[in-house]
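**Q** Dropping a structure here in structure tokens format, bear with me for questions.
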Amino acid sequence: MRRRVRPGGGRQIDVSVAELGARGDGVAKTGEGLVFVPLSAPGDFLRLRVTGEKKGGALLGEILEILEEGPDRIDPPCPHFGPCGGCQVQHLQADFYHRWKQLLVGTHLSRQGLDPAVVRPLVQIAPGCRRRAVFAARRRGRRLQLGFHEARSHNLVDLTTCLLVTPTLLNLLEPLRAVLALWLPEGGEAEATLVDTETGLDLLVETDVAPDLETREALADFAETRDLARLSWRLRGGLSEPLALRRLPVLSFGRAQVTPPPGAFLQPSREGEAALIDLVRSAIPDSALRVADLYAGLGTFAFALADRARILAYEGDAEALAALDTAARQPSLQGRVAGERRDLGRQPLRSEELNVFDAIVFDPPRAGAPAQVAHISASDVPTVVAVSCNPASFARDARLLVDGGYRLEQITPVDQFPWSSHLELVAVFLR
Ligand SMILES: C[S@@+](CC[C@H](N)C(=O)[O-])C[C@H]1O[C@@H](n2cnc3c(N)ncnc32)[C@H](O)[C@@H]1O
């Protein structure tokens, strides 16, 4: 089948795609070296326009025409797939896609000289479960664009649908578009963080345009009509201000009910979070009575472990820690969780401080935790569980732990970000 994808100028070449790279681009091997081609599939024979060069000299190409489709190419289910930066790999058979995700962690382990044999089967999380999403908005004339950015661009894809998010989030897009159209002036921009909590939607709008009295009234009406739990706004980088608080947003972790601060980090789907919690719980032996939860956020893992251990939760963000602390005081927790604010990059827990624990869970941001991991690798703590959303930085951290004498026992990849090149994982280290 010949299908025209996008017209364009520039130097044209015809290539065969050999494999799918770690970021979801097809990779063609040519006489001029590697060419990375977004939205392509292995086995595709393509006419390309060369659009640039990557670091290291490989070329970047844009599909002009699919001359022959690879065997694993399918029609993507979402009408926005292609331009929308929310998904990179909807155009692949499910089996092929899962095999590719399964192998991603091993690729990064091998680069660090670690054995990929420890990688267990992928835990699959279906699309349509994402309960937290950040949408960008921009006013262009009469149209209020609301959606995700295009890949490698500041352009916005104005979404009519999204197959990643929960129906509750999806149903709010159109009314949110209408109310933001009242708020934002021509050229005005905003970012809307939506979280589907147990007591209703929690919406934070971040923008440089302060709402006037009329807009505030419209926003309060919007919160009422759409039955939001809470609606807040903040100037970019400033403090949030509630515009409507109809119920406290609530998230349950173990026996704790946590009210997240507006815009707080949260595992993107409840299903993904449950899978991570199961893996963390099964990695920590019942004999571990004192556990450190590093990069604890709202206490996702700390509260989930509190039925069998005392947990000290370390977190750098003051608002997240305050939410964790408040929940930790609930009588059902019996004082088993305590929080401490600490910047683990600048002031990592030293090995002497870590040695009082029977187990450590750490779940750092995408960049990983080299400073903290250096101290963990010098500690005597028998069980260390790493949760990571970035296999590349995880593999670097894993190398440090293995160099410090830990055995990497197992890694379970969890596909929390379906149709993207992102991957979550839980890894167990013992000594
Ligand atoms: C990937 S999130 C994990 C949160 C939590 N474990 C969860 O599952 O919801 C990483 C957390 O690390 C925190 N963080 C980032 N940099 C930090 C630092 N230098 N010191 C301490 N915490 C940090 C963030 O605020 C965020 O809560």
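The values are calculated or read from the model by the stated rules, or taken from the named source; none is laboratory data. Quick caveat, the model's predicted, so the values are computed rather than measured. Here Cβ is always computed from backbone atoms with ideal geometry, including for glycine, and neighbour counts include all displayed protein chains. With ligands, DNA and RNA removed, areas are computed over all heavy atoms of the protein, side chains included. Shrake-Rupley method; radii C 1.70, N 1.55, O 1.52, S 1.80 Å.
**Q** Calculate what fraction, in whole %, of the accessible area of segment 328-431 sits on carbon and sulfur atoms when a 1.4 Å probe is rolled over the protein chains.
**A** Percent of accessible area from carbon and sulfur atoms in segment 328-431: 50.
**Q** Below 8 Å, C-alpha to C-alpha, sequence gap of six or more: please give me the relative contact order for segment 286-431 in percent.
**A** 20 percent.
**Q** A further question on this structure: Can you check what the Kirkwood hydrodynamic radius comes to for segment 3-73, Cα pairs only, in Å to one decimal?
**A** It works out to 11.7 Å.
**Q** Using θ = phi - 60° and the Karplus relation 6.51 cos²θ - 1.76 cosθ + 1.60, list the HN-Hα couplings for segment 132-146 in order, rounded to whole Hz, with x at every Gly or Pro.
**A** After applying 6.51 cos²θ - 1.76 cosθ + 1.60, I find 10, 8, 10, 9, 9, 10, 8, 8, 10, x, 7, 8, 9, 7, 9 Hz.
**Q** Pairs of Cα atoms under 8 Å, at least six residues apart: use those to get the relative contact order of the chain, whole percent.
**A** 12 percent
**Q** Counting heavy atoms of the protein chains only and a 1.4 Å probe, report the per residue accessible area for segment 3-73 as a whole number of Å².
**A** Using a 1.4 Å probe on heavy atoms only, each residue of segment 3-73 averages 49 Å².
**Q** Of the DSSP beta bridges with both residues in the chain, give the percent that are antiparallel, rounding to the nearest 5.
**A** 70 percent
**Q** What distance in nm lies between label points placed 7 Å from Cα along the C-beta direction at E174 and R308?
**A** So the two model labels end up 4.8 nm from each other.
**Q** Can you send over the carbon and sulfur percentage of the accessible area for segment 216-256, probe radius 1.4 Å, protein chains only?
**A** Roughly 51 percent of what the probe reaches on segment 216-256 is carbon or sulfur.
**Q** Right, something else. With a point put 7 Å past each Cα toward its Cβ, work out how far T30 is from R329 in nm, to one decimal.
**A** 6.4 nm
**Q** All other residues with a Cβ under 12 Å from the Cβ of F362 taken together, and with Lys, Arg as +1 and Asp, Glu as -1, what is their net charge?
**A** -4
**Q** What's the center-to-center distance, using Cα atoms, between segment 300-379 and segment 116-164 in Å?
**A** Rounded to whole Å, the Cα centres lie 30 Å apart.
**Q** Using the alpha carbons of the chain, what is the convex hull volume per residue in cubic angstrom, as a whole number?
**A** 147 Å³
**Q** For segment 417-431, what does the Karplus curve 6.51 cos²θ - 1.76 cosθ + 1.60, with θ = phi - 60°, yield as ³J(HN,Hα) per residue in whole Hz, taken in order and with x for Gly and Pro?
**A** After applying 6.51 cos²θ - 1.76 cosθ + 1.60, I find 10, x, 6, 10, 8, 7, 8, 9, 8, 10, 10, 10, 10, 10, 9 Hz.
**Q** Next question. Express the carbon and sulfur contribution to the solvent-accessible surface of segment 1-157 as a percent, rounded to the nearest whole number, probe 1.4 angstrom.
**A** 49 percent
**Q** Same structure again: Given +1 on the Cβ of Lys and Arg, -1 on the Cβ of Asp and Glu, and no further charges, what dipole in debye does the chain carry about its Cα centre, rounded to the nearest 20?
**A** Roughly 480 debye for the chain.
**Q** Follow-up question, since we're still on this one. May I ask which residue of V195, L146, Q334 lies farthest towards the positive end of the charge dipole of the chain, with charges of +1 (Lys, Arg) and -1 (Asp, Glu) on Cβ and the Cα centre as origin?
**A** The Cα lying farthest towards the positive end belongs to L146.
**Q** So if R0 is 35 Å, what FRET efficiency would R99 and E191 give, r being the distance between their Cβ atoms, rounded to the nearest 0.05?
**A** Efficiency, rounded to the nearest 0.05: 0.50.
**Q** Would you calculate, for the chain, the mean residue ellipticity at 222 nm contributed by helices, counting each DSSP H stretch of 4 or more residues as -39,500 (n - 2.57) and dividing by all residues, to the nearest 500?
**A** Dividing the helical sum by the residues of the chain leaves -7500 deg cm²/dmol.
**Q** Please give the FRET efficiency for S351 paired with A117, using the beta carbon to beta carbon distance and R0 = 25 Å, rounded to the nearest 0.05.
**A** For R0 = 25 Å, the calculated efficiency reads 0.30.
**Q** Then there is this: Per residue, how much accessible area does segment 249-337 show when a 1.4 Å probe rolls over the protein heavy atoms, in square angstrom?
**A** 37 Å²
**Q** Next up: Using alpha-carbon positions, what is the distance between the centroids of segment 405-426 and segment 187-237, in Å?
**A** Going from one Cα centre to the other spans 34 Å.
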